[in-house]
Ligand SMILES: CC[C@H](C)CCC(=O)Nc1ccc(S(N)(=O)=O)cc1
Ligand SMILES: [Zn+2]
């Protein structure tokens, strides 16, 4: 009998390997990023995002996260440079967050957990489609941005959080037109990069991670707004959608490169 994966004790990260054996692989994500083990790579190029606001389509609650979906039927919104060869198409963005402000991010930096983490997922159009790309080591690129709680929140987050009321329960979707996610980017483009996996099932090891050093500032109220999402469907008992983050995985023999000294 099929029992969907989740983040509870009976279907959470420690159980995922039963249906997705690669979850115990050697290139899993997220990981701890420690300054001592990072290698400054001066050959790393800056990365560039050129996104078309018109590519934004809908925002949805899939019971696991809040996701914004973009038109990826051609090279309309792309990420290039950094560790990447060629352009990667923006497909979706989503968040991971905790049950309180002191945790919720997936990557951890020198022991620091942030309140949340924003993932912008892009795929390599040299492959015929997304499902083909997820089977390739250079198939996917995820730009990860930490959410830090502070006094002067980024006004650009407001647009996403205003839509939360329309997608309270699992399966709810709402139109989300005219949105350029690069307005969410922090000032600095400094990043770490390493090869890893999806942080949820199917845990495929197809991701070039680009983790930004500078977090974006959100307010405690904005985090509370994310936590007001429910993982249940409309007519089911209310279950808060919180703590949808995977603990850090072993780094094994992977190099984490830094674009900055
Ligand atoms: C077998 C293909 C499957 C349907 C893929 C569905 C998918 O895209 N999942 C996904 C996306 C992003 C992340 S994360 N959190 O950015 O690492 C985790 C999981
Ligand atoms: Zn994610």
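No lab work stands behind these numbers, since they all come straight from the coordinates. Note that the structure is predicted; figures quoted are calculated from it, not measured. Glycine gets a Cβ as well: all are built from the backbone with ideal geometry, and neighbour counts include every protein chain shown.
If you scale each eigenvalue of the Cα gyration tensor by 5 and take the root, what three semi-axes come out for the chain, rounded to whole angstrom and sorted largest first?
That gives 25, 22, 20 Å for the three semi-axes.
Sticking with the crude label model, points 7 Å out along Cα→Cβ, report the distance from residue 239 to residue 183 in nm, one decimal please.
Each label point lies 7 Å from its Cα, and together they span 3.4 nm.
Compute the Kirkwood hydrodynamic radius of segment 103-210, taking the inverse of the mean of 1/r over all pairs of distinct Cα atoms, and give it in Å to one decimal.
15.9
Return 157, 255 ranked ascending by Cβ neighbour count within 10 Å, so the fewest neighbours appear first.
Listed from fewest to most nearby Cβ atoms, that is 255, 157.
Using helices alone, what [θ] at 222 nm do you get for the chain, with -39,500 (n - 2.57) per DSSP H run of 4 or more residues, divided over all residues and rounded to the nearest 500?
Theoretical 222 nm ellipticity from helices: -1500 deg cm²/dmol.
For labels at residue 166 and residue 228 in the simple 7 Å Cα→Cβ model, what's the distance in nm?
Between residue 166 and residue 228, the simple spin-label model gives 1.5 nm.
If we sort 15-24, 244-253, 190-199, 97-106 on the protection proxy, mean other Cβ atoms within 10 Å, highest first, what's the order?
Ranking the peptides 15-24, 244-253, 190-199, 97-106 by packing returns 190-199, 97-106, 244-253, 15-24.
Once the convex hull of the alpha carbons of segment 1-89 is built, what does its volume come to per residue, in cubic angstrom?
Once divided by residue count, the hull of segment 1-89 is 184 Å³.
Once you sort the root eigenvalues of the Cα gyration tensor of segment 4-54 as a ≥ b ≥ c, which label holds: rounded (a/c under 1.5), prolate (a/b larger than b/c) or oblate (the other case)?
Oblate, since a/c reaches 1.5 and b/c is not below a/b.
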